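A.B. asks: Let me begin by handing over the structure; questions about it come next.
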Amino acid sequence: ALAVGGGRLGRALFARRFEGEFELVGGYLLVAGTAAVAGQVAIGLVGSDLSLSDLVAVDPLAGTLPVFVFLAAVAALTAGLVRSLVYARDEHITVVVVALVVWGFMALEPTVSAPGIVAGLAVTVALGYISYALGTASVPGMLTGVLLALLTVVLGGVGWFLTLMAFYAVGGLASKYRFDEKADRGVAQENQGARGTGNVLANSAVALVALLGYAATGHVEVSPALFGFAFAGAIATAMADTLSSEIGGLFDGPRLITTLQPVEPGTDGAITWQGELAGGTGAAVVAAIAAVGIPIGDPLVGGAVVFLAGVVGMTVDSLLGALIEGERVGNQAVNFLATLSGAVVAVATGSLLLG
């Protein structure tokens, strides 16, 4: 409640001096996060046996304050995101959604260090601003990306974060690469290449579920490596699919994957050998990062599994594009199903290799 109310106050205060949406969202997040931290500290000191020393313990892993900051950041980002997606008359929904999300993360009992949360916030906010400034993400898309990136670095670790960032950075730049030429050919991303919430979630939702599963391994009897495979397989698919589309769309002679007959550029399910090569390269990049940064067993074997999953997922995306994509099934649904297939392939193959 404090996050949502504080956010609305912050936006109103910043509106007195700024007009840009980015600045207004910044004011919303700043005051929302501060209010949420203050509320948790007050409740912790008044309603429990916590002391100031518990909040700022010498051991950064033992302090309660970093957890409060993490939950406050999650609350503020979720509130800002939901607010950007609903009508003004439906803003009361924001409180319910934020409460459920924060409750879920409290149930995970995350271990958060002071250096970790400070670095995570600094890096993710900086990258979010860069993505917005470069035009690779809209404001809602930026909020979604920052929230997912923060969760990844805190709940997963540096390796998981770098794997996700490889896709965000390379995929975003690929969307802007020779954009005018792709627009003339009818194969450019909508909204001037700026990815919105739907696009970000379509490519990252499966990876997010895998990340949450990994964070919950203390509560479920599942090997952490399987969640690592699912995460990396989904991201490898998203990277491969993005590069195959963005790079392949610049070349002539596309063929439909199901019949190999020549088709017009931009046709759903069309492929080019240049796009396939770019997609395979993207899958290899993700596989290399995941092999050394995510607990998926032997780096060589684990990396090969992730690469295979990315290539298979990219192929599934093309097949779904040719077979079902159209008026009833949109591109975002196809992207989600493709990343799901990449995750399933990675988990199935990894399970066989792990025994």
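The values are calculated or read from the model by the stated rules, or taken from the named source; none is laboratory data. The structure displayed is predicted, hence computed values, not measured ones. In this analysis, Cβ positions are derived from the backbone assuming ideal geometry, glycine residues included, and neighbour counts consider all displayed protein chains. These accessible areas exclude ligands, DNA and RNA; they are computed on the full protein's heavy atoms, side chains included. Shrake-Rupley method; radii C 1.70, N 1.55, O 1.52, S 1.80 Å.
A.B. asks: What nm distance separates the two modelled labels at GLN261 and PHE22, each placed 7 Å from Cα along Cα→Cβ?
C.D. replies: The answer from the label model is 4.7 nm.
A.B. asks: Give me the distance in nm between label points sitting 7 Å out from Cα along the Cα-to-Cβ direction at ASP180 and LEU212, one decimal.
C.D. replies: 4.4 nm
A.B. asks: Now a separate question. Report, to the nearest 10°, how far helix 299-323 tilts away from the longest principal axis of the Cα atoms in the chain, using its own Cα long axis and a range of 0 to 90°.
C.D. replies: Value to nearest ten degrees: 70.
A.B. asks: State in Å² the accessible area per residue of the chain; use a 1.4 Å probe, count heavy atoms of protein chains only, and round to the nearest integer.
C.D. replies: Values: 16530 Å² over 355 residues.
Ligands and nucleic acids excluded, the result is 47 Å² per residue.
A.B. asks: Find the relative contact order for the chain and round it to a whole percent, using C-alpha pairs within less than 8 Å whose residues are 6+ positions apart. Walk me through the intermediate numbers first.
C.D. replies: Numbers: 575 pairs, mean separation 48.2, N = 355.
That works out to 14 percent.
A.B. asks: Run the accessible area of the stretch 157-292 with a 1.4 Å probe and give the carbon-and-sulfur part as a rounded percent. All intermediate terms of the calculation are to be shown ahead of the outcome.
C.D. replies: On the way: 3460 of 5650 Å².
Whole-percent figure for carbon plus sulfur exposure: 61.
A.B. asks: Net charge around GLU23, counting only other residues with Cβ within less than 14 Å of its Cβ (Lys, Arg = +1; Asp, Glu = -1)?
C.D. replies: Details: positive: ARG11, ARG16, ARG17; negative: GLU19, GLU21.
Once positives and negatives cancel, what remains is +1.
A.B. asks: For the Cα atoms of the chain, what angle does the longest principal axis make with the long axis of helix 65-85, in degrees from 0 to 90, nearest 10?
C.D. replies: Around 60 degrees separate the two axes.
A.B. asks: Any idea what angle helix 92-108 forms with the longest principal axis of the chain, computed on alpha-carbon atoms, 0 to 90 degrees, nearest 10?
C.D. replies: 90 degrees
A.B. asks: Quick one: divide the alpha-carbon radius of gyration of the chain by 2.2 N^0.38 Å and tell me what you get. Can you show the working numbers first?
C.D. replies: Values: Rg = 21.2 Å, N = 355, 2.2 N^0.38 = 20.5 Å.
The chain yields a ratio of 1.04.
A.B. asks: Hey, another quick one. Order these peptides, 165-172, 266-273, 100-107, by their mean beta-carbon neighbour count within 10 angstrom, highest first.
C.D. replies: 165-172, 266-273, 100-107
A.B. asks: Could I ask something else about it? In nm, to one decimal, how far is the modelled label at LEU300 from the one at ALA99, with both set 7 Å along Cα→Cβ?
C.D. replies: In this crude spin-label approximation the distance works out to 5.5 nm.
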